[in-house]
Amino acid sequence: MQYRTFGKHGLDCSEIGFGAWAIGGAWGAQADTDSLAALHRALDLGCNFIDTAAGYGDGRSERLIAQVLRERAEAGRDDPVFVATKTPPTAGSWPPSPYDKAEERYPESYLRANIAERLECLGTDKIDLLQLHTWTRAWNRNPTPFKVLRALQREGHIGLIGVSTPEHDQNSVIDLIRGGWVDSVQLIYNLFEQEPAAELLDVAREHGVGVIVRVAFDEGSLTGKFTVLTRFPEDDFRSQYFAGDRLSRTVVRADRIRHDLDGSGYTMPQAALKFVLAHPAVSTVIPGIRNVAQAEANCAVSDLPAMPDKLLHQLHRHNWRRSFWYGGK
Ligand SMILES: NC(=O)c1ccc[n+]([C@@H]2O[C@H](COP(=O)([O-])OP(=O)(O)OC[C@H]3O[C@@H](n4cnc5c(N)ncnc54)[C@H](OP(=O)(O)O)[C@@H]3O)[C@@H](O)[C@H]2O)c1
């Protein structure tokens, strides 16, 4: 496993982090025994960064992580592990509406109560990194929730402060970076969603802000394992994400990437992670991991040779503006 600095924050984080959404819920059946084994295996392989959230099974993901860290401490294997979690906004539209008020979606009393819950679920007295789970540009001019988080930081409940981008608008956090409001950002950057390469990644690097890349596999499609016949259980959120003709359109695009990778020596999952890691602003990429085999396959990617520039440039053509309608379907 290779390590990178987390912005200017004096932490060496593993290039491959552990995305802990699926072990919490919303991805169909998931046995806790598989989740616990996957976490242990990833940490054994040098992973030292875990991303979770309140919303991943209403604390289930956080509690599993706490259990694993406790088991390791009891066994004397307590190398430092950095755990990032998230507080969601109060009930309402997701992503937040442009007309929502920051003080109503992240009020101080709510933030304090929710963060107390995170501490409880994670079994700790200090959260390494607390991220607001989503955001809107509407709040950039007066980002009051971060003033509350800085107070909680001064009080010793939080280490670093971060934000996770809304799904449709990666660039919405650029002003927060420039304004010095956040220590890290979590964003979508993958072979389909390459927009962060335009500005966001460079701005983060210039300001020493840690960059956590999520959804490197586009929820699985960039592993190349889906076909037009793939079906997701109803309790797997991907039955919605890939609803209608979305799966077949995505499979066609993923096949084009497979074609570009012929002879490269990379499998599709390896290329998906190496593409992300090729950007120097990236601190860690956090593939979702739900079993030991995925922990092993994903952690191993860090030590593979870096992606050659020629292939990297070739893969730029797969940038896919999915919300752009003028080109038709
Ligand atoms: N708004 C937010 O802040 C937000 C939103 C989404 C995600 N996240 C974070 O980012 C992390 C990563 O995103 P994600 O989990 O949604 O999606 P992802 O990383 O794009 O896809 C993860 C899924 O791909 C499959 N997979 C993993 N490794 C594989 C491999 N080597 N080969 C084949 N399949 C593999 C697994 O599902 P199957 O085995 O079931 O196919 C896994 O759950 C999350 O876990 C979470 O921590 C944050």
More than 17 angstrom separation, counting every C-alpha pair in region 115-215; what % is that? 51 percent
Under the rule that an exposed site lies in a DSSP loop and has at most 12 other Cβ atoms within 10 Å, name the longest stretch of the chain with no chymotrypsin sites (Phe, Trp or Tyr not before Pro) of that kind, not counting the sites themselves. 100-323
Quick check on the chain: helices-only [θ] at 222 nm, where DSSP H runs of length 4 and up contribute -39,500 (n - 2.57) each and the sum goes over total residues. Nearest 500, please. -10000 deg cm²/dmol
Region 14-158: C-alpha pair distances exceeding 19 Å, %: 54 percent
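With a ≥ b ≥ c taken as the square roots of the eigenvalues of the C-alpha gyration tensor of region 123-277, please select rounded if a/c is under 1.5 and otherwise prolate if a/b is larger than b/c or oblate if it is not?
Here region 123-277 falls in the prolate category.
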Counting only DSSP loop positions in region 1-43, the trypsin sites (Lys or Arg not before Pro) whose Cβ has at most 15 other Cβ atoms within 10 Å are Lys8
Would you look at the GNM of the chain, springs on alpha carbons closer than 10 Å, and say which of Arg118, Arg290, Arg77 moves the most? Arg77
Rounded to whole Å and sorted largest first, list the principal axis extents of the Cα atoms in the chain. 54, 51, 41
With each pseudo-label sitting 7 Å past Cα toward Cβ, what's the Asp32-Asp175 distance in nm, one decimal? 4.4 nm
In a GNM of the chain with a 10 Å cut-off on Cα contacts, which of Thr223, Thr87, Thr33 has the highest mean-square fluctuation? Thr33
Starting from the Cα of Lys274, draw a straight line to each of the lysines and keep only those under 29 Å, dropping any in the same chain fewer than 8 residues away. Lys8, Lys86, Lys225, Lys310, Lys329
GNM, the chain, Cα, under 10 Å: largest mean-square fluctuation among Asn114, Asn48, Asn142? Asn142
For Asp128, other-chain or 5+-apart residues with amide H closer than 5 Å (H placed, Pro excluded) are Val83, Gly159
For the chain, share of DSSP beta bridges that run antiparallel, in % to the nearest 5: 15 percent
Sequence-distant lysines (8 or more away, or on other chains) whose Cα lies within less than 16 Å of Lys147: Lys101
Evaluated at 37 °C and 0.692 mPa s, the Stokes-Einstein D of region 179-227 based on the Kirkwood radius over Cα pairs, in µm²/s, stands at 276 µm²/s
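Quick check for me: using +1 on Lys/Arg Cβ and -1 on Asp/Glu Cβ, what's the dipole size of the chain about its Cα centre, in debye to the nearest 20?
In debye, rounded to 20, the chain gives about 720.
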Taking the simple approach of a point 7 Å from Cα along Cα-to-Cβ for both Thr227 and His168, what is their distance in nm? 3.5 nm
³J(HN,Hα) computed for each position of region 238-244 - Karplus, 6.51 cos²θ - 1.76 cosθ + 1.60, integer Hz, glycine/proline x: 5, 5, 8, 4, 9, 5, x
Between the alpha carbon centres of region 189-265 and region 1-61 the gap in Å comes to 19 Å
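Give me the orientation-averaged projected area of the Cα convex hull of region 225-329, in nm², one decimal.
Mean orientational projected area (region 225-329, Cα hull): 8.3 nm².
Rule-based calculations on the coordinates, nothing more; no lab input. Since the structure is predicted, the reported quantities are computational estimates derived from the model, not experimental observations. Note: ideal-geometry Cβ built from the backbone for every residue, glycine included; neighbour counts use all protein chains shown.
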